[in-house]
Structure formats: C-alpha cells, structure tokens
1. Working only within segment 1-48, note down all residues that are of a type in the set (A, V, I, L, M), away from ligand 1 (no atom under 14 Å from the Cβ) and either surrounded by 15 or more Cβ atoms within 10 Å (Cβ to Cβ) or under 19 Å from the mean Cα position of the chain (by Cα) (or both).
2. Under 9 Å between Cβ atoms, at least 6 apart or on separate chains: pull out the pairs that start in segment 224-244 with a residue that is closer than 25 Å to L342 by Cβ and assigned to a loop (DSSP other than H, G, I, E, B) and end on any residue that is basic (K, R) and within 12 Å of ligand 1 (Cβ to nearest atom).
3. Do you know which residues across segment 50-70 are assigned to a helix (DSSP H, G or I) and among the polar types (S, T, N, Q)?
4. Hey, among F204, F266, F215, which residue is within 16 Å of ligand 2 (Cβ to nearest atom) and either at pLDDT 95 or above or on the phi < 0 side of the Ramachandran plot (or both)?
5. Is one or more of the residues making up segment 71-87 within 19 Å of the chain's Cα centre (by Cα) and either within 23 Å of C173 (Cβ to Cβ) or not in a helix (DSSP H, G or I) (or both)?
6. Of these, A300, A306, which one is modelled with pLDDT of 75 or more and within 20 Å of the chain's Cα centre (by Cα)?
7. Considering only residues that are among the small types (G, A, S) and part of a strand (DSSP E or B), look in segment 122-159 and name the one that is farthest from ligand 2 (Cβ to nearest atom).
8. Could you figure out which of (1) surrounded by 24 or more Cβ atoms within 10 Å (Cβ to Cβ); (2) modelled with pLDDT under 95; (3) away from ligand 1 (no atom under 13 Å from the Cβ); (4) not basic (K, R) isn't true of V93?
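The values are calculated or read from the model by the stated rules, or taken from the named source; none is laboratory data. These numbers come from a predicted model, not from an experiment. With ideal geometry, Cβ positions are generated from the backbone for all residues, glycine too; neighbour counts draw on all protein chains shown.
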Amino acid sequence: MQIIEVHTKSRPSTVFCGAGSAEMASEYLRGAQAFVVTDTNVSRLYSERIAQLFPGAPVCVLPAGERYKSRTSLFRILDAMLDARLHRSSVVVALGGGVIGDMAGLAAALYMRGTRIVQMPTTLLAQVDSSVGGKTAVDYRGVKNVIGAFYQPERVYCDPLFLETLPPREIRCGLGEIIKTALLDDSIGQKIRENTGRLHDLAFLHDLAADCVRFKAGIVERDETESSGLRKCLNLGHTTGHALELLCGRRSHGEYVLIGLWLESFIAEGEGVCTPAYAQEVRSFLSLVQPRIPRIPNAAEGLRYALLDKKNNGGDISFILPKARGEYAELALTPERYERYLNILAGEQA
Ligand code: NAD
Ligand code: GLY
C-alpha cells in the first residue's frame, strides 16, 4: 500500500494506492453516515460490492458520461442528499470516474456549505489525476468545468480492483494523463521508456498512477488554487484538448488530452519553445498509445472553443507547452496564429 499525504492549506488529504484500499474506505466510514454517488456503469458492475462496503448507505446513481456532467446532475445529487437528510458530518463517497468525482466533489462543497467527501476513483484517469487535488466542477453552456470550486477530499482510496473491468479505451484515457505527467516529471518518463512493453499491464499502470499522484501532490501543495501559476503546468496539452472535447464530444477527456499534446508539440516546435528533435520525441512517446487524431470540419470552430478556455487572459489563447524532458513553458498565441496550427487537424498545412 502506498500512502501519499497531500499537505494542502484548506484541508490535508491522504491518498491510499493499493489492493485492499476499498476495504480500508469501508473501515474508515464504519459508524459514519455514508452517501454514495456513482454512475450507471459502475453501479451495474459493482452494486453488490457497494452494498458490502457501505451497508445501508443511500446510493445516488447518475447517467454515465461527460454529457451528464451538468447542472441537472449536480442538483440531482443535492436533492438526493437532502432527501437522505445528510448533515455536515455525513460523508459523500464519490465512487466512479472523473465525471462522478468532479460532480460529487462540487455537491459536497455546496451542501450546507461543506460536507465531508471521500474519493474512490474507479477509472485509471481518476486514479492518476482527477481524484486528487480538490478541483470540482460541472460543465455549463458549452464551457467545460466553468462552475466549480476547490474542495479537498479528506481521503482518496485508489483500489486497482476497479481497473480490471475498464474497457481498453478507458485505459487509453488514463494513459493520456499519465503521459502528460511523464512529460512534466522525467523520472516517470524514464520509467515508461524503460517499460514500453508494459503499458497494458494493470499492475504497472497502477504503480505509475501512484507516481503521478505523488507528483501532483507536490504541485497542489505549492499552489492549491492555481494562484501562483505553478498548478497550470498540469494543463499541458489541455487547451487544445478541452476545445476538441467540446467541439467533437464523442470521446473521453483523456483521449482529447493525448490529441492536445500531439497538436501542441507542433506549436512548441513552430514557436521555438522546444527543439524539433524534442517535439518528435513527444510525438513518438504519444505513439506508444496510438492516439486517434480526429479531423475537424474547420479550424474556426476549434478556435471558437479554445477562446473560452479558463487560462486565457485578454484576447490571446494560453498554452502550457512541452519544452524539454521534465520542463514546460507557458505561451500565449493570437487567435489567428493558433488557427494556423488547428489547420493541421482540418487537413490543411499549418
Ligand atoms: P468518466 O467518469 O466519464 O468515466 C469513463 C467511463 O468509464 C464512464 O462510462 C464510466 O461509467 C466508466 N467506468 C468508470 N469506472 C469503471 C470501471 N471500474 N469499470 C468499467 N467502466 C467504468 O471519465 P474519466 O475519464 O474517469 O474522467 C474524465 C473527467 O475527469 C472529465 O470530466 C475531466 O474534466 C475530469 N478531470 C478532472 C480533473 C480534476 O483535477 N478534477 C483532472 C482530470 C480530469
Ligand atoms: N487536472 C488539472 C489540475 O488538477 O489542476
């Protein structure tokens, strides 16, 4: 069992990564009023286990997928919390992927101005990234994560047992955030370069997830609310990723992160942020997980969504770009300049 402490100012969190952590969560919540939030897929696969782990706890089951990361789902959770007569010392258990984690986290932040929350991530992406660090949100009016709060979970339990039922596509999504982290922390990058044949080995992936959590904890401790700018580095590849997620919307977040990293390696190269050799290395790294690069109808549409990105300041579009192994740089581009790079996805020359 790896135990990682996240020393955040608002409230410290403890992350448990390893087999048996689901039982530890059950033990921790014995005697508390637990309230489980999950989605239809997780409920279908794990309803018996949920009942064993949290006997008698009400279970709020939401439809699965990013399109339900909405105001409507948020209020369904809050209604169910009220119906269950939760109080401030009740504990919300977010049992699912990043969509459930982000929404249940926001509901916990809002209900009675703050209820206890424990994250139990069931996707690789959520175990690697989203369950840690306290960012919670729903999408609204076509803008991703635009209504949200920073609200730290008191505990995070990452049990590898849940990864066994993940379809290959969801593994690829988790690899999106793992590769992003590996570009920021070269000790993780090195571990992947030495084990390229093990990227489908769940034990190896779970071990990488703990490394990624440790790296993220170090960033979040120093910049919990993204105010000094350090935490922005976790958005490597995300400007394009989020824009395409909103434009195309047929795949999951992690796949769009992979595509964002791919396109933004061309921006880093074209704008002189990194050498052509390093940009090629980033693309070779990405090819280990074979991101499926989409065709977009036209660059202007992608641009429209990129202009909504929360990182932007003024009229330009902000990017976190790969610079060298373990290094990144922030760069703003005018919309016209970014459109030239988006043309790569529209099948035209940049
Ligand atoms: P998701 O929650 O939609 O889960 C992906 C799919 O896997 C869903 O269909 C879900 O039902 C299914 N699933 C979940 N657990 C399963 C299991 N054990 N077995 C089989 N199927 C299972 O998506 P995700 O990729 O986990 O998370 C993406 C979300 O996370 C996005 O909304 C993104 O914005 C957010 N995110 C948040 C942060 C953060 O810091 N808060 C960081 C990264 C991403
Ligand atoms: N996933 C970005 C962050 O947690 O800041």
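1. If the condition is that a residue be of a type in the set (A, V, I, L, M), away from ligand 1 (no atom under 14 Å from the Cβ) and either surrounded by 15 or more Cβ atoms within 10 Å (Cβ to Cβ) or under 19 Å from the mean Cα position of the chain (by Cα) (or both), then I4, M24, A25, L29, A32, A34 are the ones that fit.
2. That search, which allows pairs on different chains as well, returns L236/K180; G237/K180.
3. Across segment 50-70, the qualifying residue is only Q52.
4. Among F204, F266, F215, only F215 is within 16 Å of ligand 2 (Cβ to nearest atom) and either at pLDDT 95 or above or on the phi < 0 side of the Ramachandran plot (or both).
5. So far as segment 71-87 goes, yes, one or more of its residues are within 19 Å of the chain's Cα centre (by Cα) and either within 23 Å of C173 (Cβ to Cβ) or not in a helix (DSSP H, G or I) (or both).
6. When all the criteria are applied, what remains is A306.
7. Taking segment 122-159 as the starting set, the residues that turn out to be among the small types (G, A, S) are 126, 130-131, 133-134, 137, 142, 148-149.
Next, from what is left, pick out any that are part of a strand (DSSP E or B): 137, 148-149.
Details: A137: 10, G148: 11, A149: 13 Å.
Ranking the candidates gives A149 first.
8. (2)
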